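A.B. asks: Let me begin by handing over the structure; questions about it come next.
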Amino acid sequence: MKLNRTTQRTVEILKLISRTPEGATLDDLCEKLNLPKTSAYDIVTTLAEMGMVNVARGQKQNYTIGLMAYRIGINYTNNLDFIGIIEPVLKAFSKEVGKTVFFGIPSDHHVVYICKFEPENPIITTATVGSKNPMYCTSLGKVILAYSDDETREQMISRLKFTQYTERTIRNKGQLLEELKKVRERGYAFDAREMEEHMQCVGAPVFDRDGNVLGAISVSSLYKPSNDYEALGKLVSEKSMEVSRLLGFLGKI
């Protein structure tokens, strides 16, 4: 069967960019894939216009994987067995705690929400399925960072830009690293009104059968000073371990 050369090159470019969290320049693509510069430029320009790659403009344009590529991939993810396994568990958990429950996965230096489960009378949350938020100020993102391997964590952190959403938002890498130590000690993370002034979230990691952090679950609610968020954190951590074991994880955090 004869394969279309342009299509092959497009797939190769997307695969290379997806494996390069720090981004790839046009020169990188041409050198590593042995492509003519004009052909590579035409392809990445088209991919950028379609949202398949993001473009950071500097001295040289830098390309990272785009949200549209993720959204196409999420259709595959939604068909994976593990989604069917965790959905009823997290749906029941949302009803049990009476709060909104999310499941999110890492995407570059963001966390992307791929499942959302709400109780009968849900609060309005800005996060929706398919949307993404920074890792450093979300409970989902913090636990993913905390339990990722050192190399992956450093790559993700190196791409962060610390925007301050509220007065409680983490401001720099040093503060983030201190926070991640606490996350590992507790086994769960807080978004202590760091994204939105009125919202408090608690998240815990979910592991695959090989012990790699697959994603995280979180519980979101309106902030109330009287709530015991440490107790909620332990509850979320227990539920995340239950989900991990359903996915074949047999180890300990």
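The values are calculated or read from the model by the stated rules, or taken from the named source; none is laboratory data. Bear in mind the structure is a predicted one, so any value in this text is a computation, not a measurement. Here the Cβ positions follow ideal geometry from the backbone for every residue, glycine too, while neighbour counts run over all protein chains shown. These accessible areas exclude ligands, DNA and RNA; they are computed on the full protein's heavy atoms, side chains included. Shrake-Rupley method; radii C 1.70, N 1.55, O 1.52, S 1.80 Å.
A.B. asks: I'm told residue 198 meets every condition in (1) touching a residue at least 40 places away in the same chain (Cβ under 8 Å); (2) open to solvent by 80 Å² or more (accessible area, probe 1.4 Å); (3) within 23 Å of residue 129 (Cβ to Cβ) except one. Can you identify the failing condition by its number?
C.D. replies: Residue 198 satisfies all of (1) touching a residue at least 40 places away in the same chain (Cβ under 8 Å); (2) open to solvent by 80 Å² or more (accessible area, probe 1.4 Å); (3) within 23 Å of residue 129 (Cβ to Cβ) except (1).
A.B. asks: Please go through (1) among the aromatic types (Phe, Trp, Tyr); (2) open to solvent by less than 70 Å² (accessible area, probe 1.4 Å); (3) closer than 24 Å to residue 99 by Cα for residue 147 and return the number of the only condition it doesn't satisfy.
C.D. replies: The number of the failed condition is (3).
A.B. asks: Looking at 2, 15, can you tell me which residue is among the basic types (Lys, Arg) and either part of a helix (DSSP H, G or I) or at pLDDT 90 or above (or both)? If you could, list the steps in order and put the result at the bottom.
C.D. replies: Values: 2 fails: either part of a helix (DSSP H, G or I) or at pLDDT 90 or above (or both).
Among 2, 15, only 15 is among the basic types (Lys, Arg) and either part of a helix (DSSP H, G or I) or at pLDDT 90 or above (or both).
A.B. asks: Then there is this: Do you know which of the residues in segment 28-76 that are of a type in the set (Phe, Trp, Tyr) and open to solvent by 70 Å² or more (accessible area, probe 1.4 Å) is farthest from residue 105 (Cα to Cα)? Talk me through it step by step, then tell me what you get.
C.D. replies: Keep residues of segment 28-76 that are of a type in the set (Phe, Trp, Tyr), which gives 41, 63, 70, 76.
Of the ones still in play, those that are also open to solvent by 70 Å² or more (accessible area, probe 1.4 Å) are 41, 76.
On the way: 41: 30, 76: 14 Å.
Looking at residues that are of a type in the set (Phe, Trp, Tyr) and open to solvent by 70 Å² or more (accessible area, probe 1.4 Å), I get 41.
A.B. asks: Hey, another quick one. Under 9 Å by Cβ, and 6 or more places apart or on different chains, what pairs join a residue from segment 89-110 that is in contact (Cβ under 8 Å) with a residue 24 or more places away in the chain and assigned to a helix (DSSP H, G or I) with one that is open to solvent by less than 40 Å² (accessible area, probe 1.4 Å) and of a type in the set (S, T, N, Q)?
C.D. replies: As it stands, the answer is 94/100; 97/221, since those pairs meet every condition given.
A.B. asks: Working only within segment 34-48, note down all residues that are part of a helix (DSSP H, G or I), touching a residue at least 12 places away in the same chain (Cβ under 8 Å) and more than 28 Å from the chain's Cα centre (by Cα).
C.D. replies: Answer for segment 34-48, where residues must be part of a helix (DSSP H, G or I), touching a residue at least 12 places away in the same chain (Cβ under 8 Å) and more than 28 Å from the chain's Cα centre (by Cα): 39, 40, 41.
A.B. asks: Looking only at residues that are under 18 Å from residue 169 (Cα atoms) and of a type in the set (A, V, I, L, M, F, W, C) in segment 201-242, which one is most open to solvent (accessible area, probe 1.4 Å)?
C.D. replies: That would be 222.
A.B. asks: What is the one condition in (1) over 15 Å from residue 241 (Cα atoms); (2) under 15 Å from the mean Cα position of the chain (by Cα); (3) polar (S, T, N, Q) that residue 212 does not satisfy?
C.D. replies: It fails just one condition, (1).
A.B. asks: Do we have residue 22 as within 28 Å of residue 153 (Cα to Cα), part of a helix (DSSP H, G or I) and open to solvent by 40 Å² or more (accessible area, probe 1.4 Å) here? Spell out how you get there, then give the answer.
C.D. replies: Numbers: within 28 Å of residue 153 (Cα to Cα): yes; part of a helix (DSSP H, G or I): no; open to solvent by 40 Å² or more (accessible area, probe 1.4 Å): yes.
No: the conditions fail for residue 22.
A.B. asks: If I filter segment 131-144 down to residues being in a loop (DSSP other than H, G, I, E, B) and touching a strand residue (DSSP E or B) at 6+ places or on another chain (Cβ under 7 Å), which single residue comes out as most open to solvent (accessible area, probe 1.4 Å)?
C.D. replies: Just the residues of segment 131-144 that are in a loop (DSSP other than H, G, I, E, B), to begin with: 131, 135-138.
Subsequent filtering for residues that are touching a strand residue (DSSP E or B) at 6+ places or on another chain (Cβ under 7 Å) retains 131, 135, 137-138.
Numbers: 131: 29, 135: 1, 137: 0, 138: 6 Å².
Ranking the qualifying residues of segment 131-144, first place goes to 131.
A.B. asks: Same structure again: For segment 153-162, name all the residues that are within 19 Å of residue 189 (Cα to Cα) and open to solvent by 50 Å² or more (accessible area, probe 1.4 Å).
C.D. replies: Those that are within 19 Å of residue 189 (Cα to Cα) and open to solvent by 50 Å² or more (accessible area, probe 1.4 Å): 154, 162.
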